[in-house]
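Asks: Here it is, the structure, as structure tokens.
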Amino acid sequence: MKLISWNIDSLNAALTSDSARAQLSQAVLATLQAEHADVIAIQETKLSAKGPTKKHIEILEELFPDYQHTWRSSVEPARKGYAGTMFLYRKELTPTVTFPDIGAPSTMDAEGRIITLEFDQFFVTQVYTPNAGDGLRRLEDRQIWDQKYADYLAGLDKKKPVLATGDYNVAHHEIDLAHPSSNRRSPGFTDEERAGFTNLLAKGFTDTFRHLHGDIPNQYTWWAQRSKTSKINNSGWRIDYWLTSSRLADKVIKSDMIDSGARQDHTPIVMEIEL
């Protein structure tokens, strides 16, 4: 199987806008078309509670005619047009789709952050992990989320192996961001968030990129939009992951970033696995 994950930062903008940034996003979508993946996970769709519009669906079907889609949006009492996730998967695949709540604090369970596909022999699940926020105002809730999510994945893993992906909003180790010393208390690199990710892996999961590539430096999945030179200078963070149940790790044959050209923000990540 080939599986791709991408935080798109607004599906609507990528599909319907003609701004310079949208054109960069559309170029990435064209790259994904050419990959012919079995499953594509998309985070931060920012769609309304009603999900994709008729226009969105028409464009998606034009771009990806051989795929079904399923989505989950932020609903009240959570913010409108916030977070959200979507799966595209080949029409010949017939997974059971679930939209789990994990008992997260605040409005996190209402923000459309997790979708799970259950196949006969394994699960594929994606997550858009809540950001700790400016001033770390959501860090306490984020720590609870991390524990609840780890417990959720471990529960799946007891039933059958798991392929888990998404924007985890954490750079696990110093090698996973360009400037660790100046980001000690930045959202995504606090000791608390890093410990949460360590705890997740300790429950029986493997970071497939590091499993295949070891400690190679300067490998990132996100570059800040606020800095015009972040991508040119490769001043990035690796915060998007493909994880597998550790018993599947040696079946992974590829785990890499997909080049998104000049577009800053997230780049897609791809995993190939022999199942």
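We did not get these values from a lab; they are worked out from the coordinates using the rules stated. Keep in mind the model is a prediction, meaning the values are calculated, not measured. Ideal geometry is used to build each Cβ from the backbone, glycine not excepted, and the neighbour counts take in all protein chains shown.
Asks: Which of the residues that make up region 28-52 are touching a Ser or Thr at 6+ places or on another chain (Cβ under 8 Å), surrounded by fewer than 19 Cβ atoms within 10 Å (Cβ to Cβ) and not in a loop (DSSP other than H, G, I, E, B)?
Replies: Residue satisfying the conditions is T31 alone.
Asks: Return only the number of the condition from (1) part of a strand (DSSP E or B); (2) in contact (Cβ under 8 Å) with a residue 24 or more places away in the chain that L24 does not satisfy.
Replies: So the condition that L24 fails would be (1).
Asks: Considering only region 99-117, how many residues are surrounded by fewer than 16 Cβ atoms within 10 Å (Cβ to Cβ) and part of a strand (DSSP E or B)?
Replies: Here the count works out to 0.
Asks: Shifting gears a bit: Take the residues of region 118-148 that are aliphatic (A, V, I, L, M) and touching a Lys or Arg at 6+ places or on another chain (Cβ under 9 Å): which is nearest to N7 (Cα to Cα)?
Replies: V127
Asks: Among the residues of region 189-239, write down those that are of a type in the set (D, E) and in a strand (DSSP E or B).
Replies: D207
Asks: (1) assigned to a loop (DSSP other than H, G, I, E, B); (2) surrounded by fewer than 21 Cβ atoms within 10 Å (Cβ to Cβ): which one isn't true of E140, the others all being true?
Replies: Against the list (1) assigned to a loop (DSSP other than H, G, I, E, B); (2) surrounded by fewer than 21 Cβ atoms within 10 Å (Cβ to Cβ), E140 comes up short only on (1).
Asks: Checking V75 against (1) among the β-branched types (V, I, T); (2) closer than 23 Å to Q33 by Cβ; (3) assigned to a loop (DSSP other than H, G, I, E, B): exactly one of these is not met. Which one?
Replies: Of (1) among the β-branched types (V, I, T); (2) closer than 23 Å to Q33 by Cβ; (3) assigned to a loop (DSSP other than H, G, I, E, B), only one is false for V75: (2).
Asks: Determine the pairs where a residue that is in contact (Cβ under 8 Å) with a residue 40 or more places away in the chain, located within region 115-138, has a partner that is part of a strand (DSSP E or B) and of a type in the set (K, R) with Cβ atoms under 8 Å apart, the partner being 6 or more residues away or on another chain.
Replies: Between residues of region 115-138 that are in contact (Cβ under 8 Å) with a residue 40 or more places away in the chain and residues that are part of a strand (DSSP E or B) and of a type in the set (K, R), the close pairs are I115/R72.
Asks: What number of residues within region 123-165 satisfy the criterion of being at positive phi and in contact with a helix residue (DSSP H, G or I) (Cβ under 9 Å, 6 or more places away or on another chain)?
Replies: 2
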